[in-house]
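The block underneath contains the structure these notes are about, expressed in structure tokens.
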Amino acid sequence: MLPQEENDEDVTTRLLSEIASMNFIRSKTTIPVPRVFGHSVRKNDFGYSYILMKALPGTVLNHRVALSIPATHKKKFAAQLARYIYELSTLRFSRIGFLSYSESDEFEICPFQISGSWVKPLSTSLEYFYLFRKGQTREIREGHKGEADWEAAAWFLETSLTSMVTEEHIYGPFPLCHLDLHFNNMLVDEDFNITAVLHWSNIQTVPMERFAVNPEFVAPPAAPQEYKQAVFEFRDIFVDELAIIERENGESPDDKGMPLSRLFGSPLSEVVFRCTCSPARRAIFDAQLTLPLTYGRDAKWGDFKKFFNERSA
């Protein structure tokens, strides 16, 4: 259920998009998505909007996938996850936005929220990344007005736009993406088979570069080495399984440029993660991590700040 917030129209739009997305995905893929039995988006006796859906079996993992799945089951789990992500990647549309029902009950792409603002469906990946970074730049400057380090970070992350875009994907098509697909939103059985994928309120069409970002494949820089190694090893297993599925479906890198399997875990995907999946309060940290990814290992944050200060003087 969703609480009735000040803007009921926003809640209604999101809830109807979640329902449309779940129904569409259930009809087009083998992804274990809950069946929707009913819903209410208007005022009712409960006082809340709600979705009534089927409870699927399974339990939630207690930690990140790389640390929770036993070694003997990782390949199987990775293969299942790769299959579901591949299936989701095939559900592509000509514009970026929420999926919803039209007045004639057809599926259509409708306005969506980006950096806290509602925008009309977008036609290019450049627009998507530009609007996202502009929104975060505004938030950073409002919270840290006159603070040189924060303003430098905001400017750098905004100028990283060109490092987030691949030419072949600028104009789409754009796949449906579960923006919060991590261990908390998957259920598994006792043999670590995926029995459900949950929390479809965070789904929309996105640029392919954003689709190829998953928090399960990004290790915190300050994490112990064993932690990082486990994350990267699982990511590599997943990428191998996804590449197998691509070959089974006759996809060739020569046909479409960089395949999805190579986007996952690439430097580009980490740049996109740092620039679109991280909150504004981490801007300086993310800028420092993104700098060597875009300008090489020899790039120094101190040198960039000096350049920014001279440019702004």
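Compute the relative contact order of region 49-183 as a whole-number percentage, counting only Cα pairs closer than 8 Å that sit 6 or more residues apart in sequence.
Computed value for region 49-183: 28 percent relative contact order.
When the dipole is taken about the Cα centre of region 187-296, and only Lys, Arg (+1) and Asp, Glu (-1) are charged at their Cβ, what size is it in debye, to the nearest 20?
Computed charge dipole of region 187-296: roughly 760 debye.
With runs of 4+ DSSP H residues as the only contributors, calculate the mean residue ellipticity of the chain at 222 nm using -39,500 (n - 2.57) per run, divided by the residue total and rounded to the nearest 500.
Helix-only estimate at 222 nm: -14500 deg cm²/dmol.
Would you give the gap between the C-alpha center of region 192-248 and the C-alpha center of region 22-86, rounded to a whole Å?
Their Cα centres are 16 Å away from one another.
Using a basic spin-label model with each label point 7 Å from the Cα along Cα→Cβ, how many nm lie between N62 and N23?
4.0 nm
How large is the charge dipole for region 28-170, taken about the Cα centre, if only the Cβ atoms of Lys, Arg (+1) and Asp, Glu (-1) carry charge, to the nearest 20 debye?
Computed charge dipole of region 28-170: roughly 720 debye.
Compare the Cα positions of M53, T205, P224 along the charge dipole of the chain (+1 at Cβ of Lys, Arg; -1 at Cβ of Asp, Glu; about the Cα centre) and return the one farthest towards the positive end.
Checking the options against the dipole of the chain, the answer is P224.
Return F24, F285 ranked ascending by Cβ neighbour count within 10 Å, so the fewest neighbours appear first.
Taking fewest neighbouring Cβ atoms as first place, the list is F285, F24.
Quick one: order T290, T30 by neighbouring beta-carbon count within 10 Å, fewest to most.
Exposure proxy ranking, most exposed first: T30, T290.
Work out the length of the dipole vector of region 8-312 about its Cα centre, built from +1 on the beta-carbon of each Lys and Arg and -1 on the beta-carbon of each Asp and Glu, and round it to the nearest 20 debye.
Roughly 440 debye, rounded to the nearest 20.
For T276, T59, what's the fewest-to-most ordering of other Cβ within 10 Å of each Cβ?
Least to most surrounded, the residues fall as T59, T276.
Excluding same-chain residues fewer than 8 positions from K28, which aspartates and glutamates have a Cα within less than 14 Å of its Cα?
E87
Amide H to amide H under 5 Å from L91: which residues, 5+ apart in sequence or cross-chain, H placed 1.01 Å off N in plane?
L176
Under a 5 Å amide H to amide H cut-off, with H placed in plane at 1.01 Å, what residues pair with F112 once short-range neighbours are removed?
Amide H neighbours of F112, under 5 Å, 5+ apart: F98, V119.
Using θ = phi - 60° and the Karplus relation 6.51 cos²θ - 1.76 cosθ + 1.60, list the HN-Hα couplings for region 234-244 in order, rounded to whole Hz, with x at every Gly or Pro.
Coupling constants for region 234-244: 5, 4, 5, 4, 4, 4, 4, 5, 5, 5, 4 Hz.
Could you pull the Rg and Dmax for region 225-313, using just the Cα atoms, both in Å?
My reading of the Cα-based Rg and Dmax gives 17.3, 56 Å.
How large is log10 I(q)/I(0) at q = 0.20, 0.21, 0.22 Å⁻¹ when the Debye formula is applied to the Cα atoms of region 68-187, each weighted equally and without solvent?
With no solvent term, the Cα-only Debye profile gives -1.14, -1.17, -1.21.
Among P292, N309, C277, which residue has its Cα furthest toward the positive end of the charge dipole of region 273-313, with +1 on Lys/Arg Cβ and -1 on Asp/Glu Cβ?
Checked the options; the winner is C277.
Which cross-chain or sequence-distant (5 or more) residues have an amide H under 5 Å from the amide H of M53, H modelled 1.01 Å from N in plane?
F37
Lys/Arg Cβ at +1, Asp/Glu Cβ at -1, dipole of region 8-312 taken about the Cα centre: which of L122, G172, L67 is farthest positive-ward?
L67
For the pair N249 and N202, how long in nm is the line joining their label points, each one 7 Å along Cα→Cβ?
2.3 nm
Once the convex hull of the C-alpha atoms of region 143-241 is built, how many Å³ does it hold per residue, rounded to a whole number?
180 Å³
Let me see the P(r) profile for the chain: every Cα-Cα distance counted, bins of 10 Å, each bin given as a percent of all pairs.
5, 24, 32, 26, 10, 2, 0
Under 8 Å for C-alpha pairs, at least 6 residues apart: give me the relative contact order for the chain, rounded to a whole percent.
Dividing the mean separation by the residue count of the chain yields 21 percent.
Karplus couplings for region 58-68 from phi (6.51 cos²θ - 1.76 cosθ + 1.60, θ = phi - 60°), rounded to Hz, Gly and Pro as x?
So the J values, rounded to whole Hz, are x, 10, 8, 5, 8, 7, 3, 3, 4, 9, 9.
How far apart, in nm, are the 7 Å Cα→Cβ label points at K76 and E226?
Calculated label separation equals 2.5 nm.
Using Cα-Cα distances under 8 Å and only pairs 6 or more residues apart, what relative contact order does region 153-263 have, in percent?
Result for region 153-263 is 23 percent.
Bear in mind that the values in this text are calculations on the coordinates, not laboratory data. No experiment lies behind these values; they were computed from the predicted model shown. In this analysis, Cβ positions are derived from the backbone assuming ideal geometry, glycine residues included, and neighbour counts consider all displayed protein chains.
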